[in-house]
1. Looking only at helices (runs of 4 or more DSSP H) that lie completely in the range 143-245, which have at least 1 residues being farther than 30 Å from His81 by Cβ, at pLDDT 80 or above and among the small types (Gly, Ala, Ser)?
2. Just checking, how many residues over the range 98-120 are touching an Asp or Glu at 6+ places or on another chain (Cβ under 8 Å), assigned to a strand (DSSP E or B) and aliphatic (A, V, I, L, M)?
3. Check whether at least one residue in the range 55-71 is modelled with pLDDT of 90 or more, part of a helix (DSSP H, G or I) and at negative phi, and report yes or no.
4. Which of the numbered conditions does Ala70 fail, given that it passes all the others? Conditions: (1) open to solvent by less than 20 Å² (accessible area, probe 1.4 Å); (2) more than 16 Å from the chain's Cα centre (by Cα).
5. Quick one: what pairs do we get from the range 116-130, first residue under 22 Å from His185 (Cα atoms), second among the basic types (Lys, Arg), C-beta under 9 Å, 6+ apart or different chains?
6. Within the range 89-97, can one find any residue that is in a loop (DSSP other than H, G, I, E, B) and either at pLDDT 85 or above or polar (S, T, N, Q) (or both)?
Amino acid sequence: MRFIRSEPKGFWREAQAREADAWRRMGRAGEDTLARRGAALDAWLGFWCRSDGSPRPRRVLEIGGAGLPAAPFLEGFDERHALDPLMGEYEKLFGRADRGVLAREGRAEELPYGDGEFDAVVMLNVLDHVEDPDRVLREIRRVLRPRSGVAFLSCDTYAPLWLALRAVRVALRGKRNNDLLHPHHFTERGLVRRIASVFPLREVRCCYGDPLAGEHSSRTVYPLRGLRQRLQREARVYVVAGGTD
């Protein structure tokens, strides 16, 4: 059982309306932090996304970078693209994309790119924010190169019992009092199965921390710090998927 909580379209639009406000309060991450995350991701991608020796430029697309963009720091690619439905709002807050990134405003459900354009697509902790996760995954597969393209995805997941309790809480208090910014919630197993229904899986890593920030790089014993944390068992799952050349 995957216990995915999905909200109607109006809820997604309201969540998007508040997303920029959340980043306005938090601010963009510092340049050193972004550079470290980008270098770690570049190395991880480089392991899976090797050049096939052709003279064509290597292209990467990041979806939903917001105040933690990775695309500007992916040095292993010749062309770096970024897409977000709130790109205009983020440019007002943080300035235009730098370091040669080609930024566009758009929705992941309707990627404004042709079939097979990218060697890699990166989407870090975004799938639970989109309107239609399944459609987004299909669009990512469409724009990846058929045999060699790599999708690099991460998303926070929760224990099935916690999501069942959350469903009761939402029924009692209303969804707008319960994590408005996340229209969807996943269990680890449900998330991996959903991605595997669209892509061949290459690597799955469950982390209680963020390996791109130098934290736990693999599954560890969950820290027993309070009943809420023990029930919730929030973890970040990284999935590398795509062709099998």
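The values are calculated or read from the model by the stated rules, or taken from the named source; none is laboratory data. Since the model is a prediction, treat every value here as computed from it, not as a measurement. Neighbour counts are summed over all protein chains in view; Cβ atoms, including those assigned to glycine, are modelled from backbone coordinates with ideal geometry. The accessibility values were calculated without ligands, DNA or RNA, using every heavy atom of the protein model including side chains. Shrake-Rupley method; radii C 1.70, N 1.55, O 1.52, S 1.80 Å.
1. Of the helices (runs of 4 or more DSSP H) lying wholly inside the range 143-245, those with at least 1 residues that are farther than 30 Å from His81 by Cβ, at pLDDT 80 or above and among the small types (Gly, Ala, Ser) span 160-173.
2. So the count comes out to 2.
3. yes
4. (2)
5. From residues that are under 22 Å from His185 (Cα atoms), the pairs are Val121/Arg141; Leu124/Arg37; Asn125/Arg236; Leu127/Arg194; Val130/Arg107.
6. Here is the first cut: in the range 89-97, the residues in a loop (DSSP other than H, G, I, E, B) are 95-97.
Narrowing further to those that are either at pLDDT 85 or above or polar (S, T, N, Q) (or both): none.
For the range 89-97, residues in a loop (DSSP other than H, G, I, E, B) and either at pLDDT 85 or above or polar (S, T, N, Q) (or both): absent.
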